[in-house]
Every structure is written in C-alpha cells, then in structure tokens.
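Chemist: Structure provided below as structure tokens; questions to follow.
Nothing in this text is a laboratory measurement; each read-out follows from the coordinates by a stated rule. Because the structure is a prediction, the values reported are computed rather than measured. Please note: Cβ atoms are built from the backbone with ideal geometry, for glycine as well, and neighbour counts cover all protein chains shown.
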Amino acid sequence: MKPLQFILIAFTVLLFSNNATAQQKTVQTATIKTTIYCDHCKHCETCGDKFNRTLLKEKGVQMVVLDEKAMTIKVTYNSKKTNLDSIKQAISKLGYDADDVKAVPDAYAGLDDCCKKQ
C-alpha cells in the first residue's frame, strides 16, 4: 500500500509543478523602441504619469519602464490577456511611436511641447 501512496504523491507533485511552469510562460517582457525628445518625460506630470497610469490599465500589462535616454519602453505583460501589437497600439494612442507603429497624430499634438520634436 505504501508504494501506491508514494506513486500518487509523486504524480500529484509532478502535475502541480508542470502547471506552475505553464503559468510562468505566460508572463513576457518586451522592449519597444520609441521616440522621446525630452529628458524628463517619465517624470513629467502630463506625459509620464499619464503614460504609466494608462498603460497599466491595459488588460494584461503588469509593469512599464520608460527609459528616455535609450528611447525604449520595457513592458511586462501576460500573453494570455494581451499581445504585443495591442500594447503598441495603446502606446501610439498616447502620442508615442512604438517600434513600427507611429504615434496617433491627435495624441502626439496633446503632449507637452517639451516632449515633441523641436
């Protein structure tokens, strides 16, 4: 009877460890190239704060890091809830380019002057 219990326990542990591994694979991180023309966008009250609040409200987005010097946006997201194209579209609606997706013109016009190309 004890060997049967050992086999059942081992099987249960194996089953749960595979499930945990599958869940971990759904979290992905992507670095998106953008264009930022000022050195304080991520601290800017109208741009940076709005940028973070809006992207974090996107379904599946877990973390956003704007690097204005490297002109990149690092996004951690759940791939079961969203995809990279949706995130890029959300960024473009904020007035920023996102890799090959250009900023929505009206959104770009709404950025502070310091955040636009001079």
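Chemist: Considering each of Lys117, Lys102 in turn, give the residue that is exposed (fewer than 14 other Cβ atoms within 10 Å of the Cβ) and either on the phi > 0 side of the Ramachandran plot or in contact (Cβ under 8 Å) with a residue 60 or more places away in the chain (or both). Let's see the steps before the verdict.
Modeler: Working: Lys102 fails: either on the phi > 0 side of the Ramachandran plot or in contact (Cβ under 8 Å) with a residue 60 or more places away in the chain (or both).
It is Lys117.
Chemist: Next question, about the same structure. Taking interchain pairs and intrachain pairs at least six residues apart, which have beta carbon atoms under 6 angstrom, with the first residue in the range 72-93 and more than 17 Å from Leu111 (Cα to Cα) and the second small (Gly, Ala, Ser)?
Modeler: Final answer for the pair search is Val75/Ala30; Tyr77/Gly60; Asn78/Gly60; Lys81/Gly60; Thr82/Gly60; Leu84/Ala30; Lys88/Ala98.
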